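K.L.:
One structure coming up, written as structure tokens, with questions to follow.
The values are calculated or read from the model by the stated rules, or taken from the named source; none is laboratory data. Quick caveat, the model's predicted, so the values are computed rather than measured. Here Cβ is always computed from backbone atoms with ideal geometry, including for glycine, and neighbour counts include all displayed protein chains. Just so you know, the surface numbers come from the protein's heavy atoms only, side chains and all, with ligands and any DNA or RNA stripped out. Shrake-Rupley method; radii C 1.70, N 1.55, O 1.52, S 1.80 Å.
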Amino acid sequence: AVELEAAIRARRTHKQYGSEPVDEAVVRELAELARWVPNHKVTNPWRFRLLGPETRARIEEAAGEKEAVKLRRAPTLVLVTAVPSDDPVLAEEDLLASACAAYALLLGATDRGLASYWRTPACFGDPAVRAACDLAADEHVIALVHLGPPVSEPPVKERAPLDDVFRALP
């Protein structure tokens, strides 16, 4: 297993994948890991959907060929969503916690040697795509995570220097 710091630094956005799908048991392990992120009042707002072939076909049909080509890059797609609280403060916290869950899923994938990509395709706002994924009216799409075996190692993308983003206040 990769150490946490190594997984954080090694995680990359992959746009090319091998053809072998990720086993459902592994996706379940990733969702199990992801549900342990911090969540105020333990509202458990996150939802994880492994998109099977019929659902993917319905999404592709509704989204159009340009988006379908991008969706076909990865053999496995996991939709991460949030069902936020009715309370506005908790609702924002629920969305942020669900984003953390998506990131934990990515780190778990990296730890297992899988390639991944966090996307938020605009087509997931389309009613037909939402219906294909059985999304509730108040459910927010957080990430469409692409998963699969890596076929290359994307280069490291430089980050802003720490001094540009960090301050110690008196």
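K.L.:
Inside region 9-31, can you point out the residues that are open to solvent by 90 Å² or more (accessible area, probe 1.4 Å) and in contact with a Ser or Thr (Cβ under 8 Å, 6 or more places away or on another chain)?
P.N.:
Across region 9-31, the qualifying residue is only Q16.
K.L.:
Another question, then. Only one of (1) farther than 30 Å from P45 by Cα; (2) open to solvent by 60 Å² or more (accessible area, probe 1.4 Å); (3) assigned to a loop (DSSP other than H, G, I, E, B) fails for D134. Which number is that?
P.N.:
Failed condition: (1).
K.L.:
Here is a follow-up. For region 68-115, which positions are in contact with a helix residue (DSSP H, G or I) (Cβ under 7 Å, 6 or more places away or on another chain), open to solvent by 30 Å² or more (accessible area, probe 1.4 Å) and assigned to a helix (DSSP H, G or I)?
P.N.:
E93, D111
K.L.:
May I ask you to say which residue of L50, L4 is open to solvent by less than 90 Å² (accessible area, probe 1.4 Å) and in contact (Cβ under 8 Å) with a residue 12 or more places away in the chain?
P.N.:
L50
K.L.:
Now, a different point. Just the residues that are surrounded by fewer than 20 Cβ atoms within 10 Å (Cβ to Cβ), among the hydrophobic types (A, V, I, L, M, F, W, C) and closer than 22 Å to D111 by Cβ, please, taken from region 32-47.
P.N.:
Listed by number, the residues that qualify are L33, W36, V37.
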